[in-house]
Ligand SMILES: Nc1ncnc2c1ncn2[C@@H]1O[C@H](COP(=O)(O)OP(=O)(O)O)[C@@H](O)[C@H]1O
Ligand SMILES: [Mg+2]
């Protein structure tokens, strides 16, 4: 089989003297939708931030699309094709929805294609077209999440990483977001999802990595994991 799009191998990382991730290995193949689940504080955000170049790794390696991205700068990771939708959305205050989306494309020079992609995002999330000239941070949490995801896609990534898709959002909005992710995944975009709602994550993703206190505790097909007694008890409340 060909090399996975993303390969994380024996990765350790942390903050100051504190190690948060211990020998984490995971991979994502082209076209997959994979999820990372685990309790609060397990290290999921730190893992995505390390892949993005926002946290330095201490050991191990990150390969993406045939290149070594271990400790590459955030801009280099984005240029290589990794978009990161951060926890808590982090849209730019004082900027319109449209300008937030265009910022996602700031490294691109293909202006006409950027306009076409903008249009595609407005088709995917019609509310963003209605709100195009509104300050993005004045929208509801769900609308801001749509904007943050669309901003990520505007960089034309090969891999879209989303940290906490559904946190704090109404079920109806989560459903809408999930449908959109399924659609863009079907169109070929590879997605790595961090999600606290394990049930929802397992429905969306085909494979999962369970992180416990900074280590990969379990990994496999979501269909298999959701039958695992330990997973059912600890994460599905069954
Ligand atoms: N900027 C930071 N400085 C120091 N410790 C941090 C920082 N961010 C996160 N941590 C610690 O790292 C651990 C993992 O946090 P995080 O990656 O945010 O977990 P998760 O996203 O799974 O909830 C926690 O113990 C947290 O307190
Ligand atoms: Mg987190």
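Among the candidates 219, 132, 170, 223, single out the residue that is more than 16 Å from ligand 2 (Cβ to nearest atom) and touching a helix residue (DSSP H, G or I) at 6+ places or on another chain (Cβ under 6 Å). Let's see the steps before the verdict.
On the way: 219 fails: touching a helix residue (DSSP H, G or I) at 6+ places or on another chain (Cβ under 6 Å); 170 fails: touching a helix residue (DSSP H, G or I) at 6+ places or on another chain (Cβ under 6 Å); 223 fails: touching a helix residue (DSSP H, G or I) at 6+ places or on another chain (Cβ under 6 Å).
After ruling out the rest, the residue left standing is 132.
Selection of the stretch 95-123 for residues being assigned to a loop (DSSP other than H, G, I, E, B) and touching a helix residue (DSSP H, G or I) at 6+ places or on another chain (Cβ under 8 Å) yields 95, 104, 105, 107, 108. Taking the residues in the stretch 30-45 that are buried (at least 21 other Cβ atoms within 10 Å of the Cβ) and not in a loop (DSSP other than H, G, I, E, B) as candidates, determine which candidate is farthest from ligand 1 (Cβ to nearest atom). Checking each candidate, the answer is 33.
A single member of 152, 94, 81, 104 is modelled with pLDDT under 95 and surrounded by 15 or more Cβ atoms within 10 Å (Cβ to Cβ), and it is 104. Within the stretch 218-238, which residues are surrounded by fewer than 22 Cβ atoms within 10 Å (Cβ to Cβ) and in contact (Cβ under 8 Å) with a residue 40 or more places away in the chain? The answer is 219, 222.
For the stretch 6-14, the criterion of a residue being loosely packed, with under 15 Cβ neighbours inside 10 Å and either in the same structural domain as residue 195 (by TED's automatic domain parsing) or closer than 15 Å to residue 162 by Cα (or both) is satisfied by at least one position.
The values are calculated or read from the model by the stated rules, or taken from the named source; none is laboratory data. In this text the structure is predicted, and so the values were computed from the model without any measurement. Glycine gets a Cβ as well: all are built from the backbone with ideal geometry, and neighbour counts include every protein chain shown.
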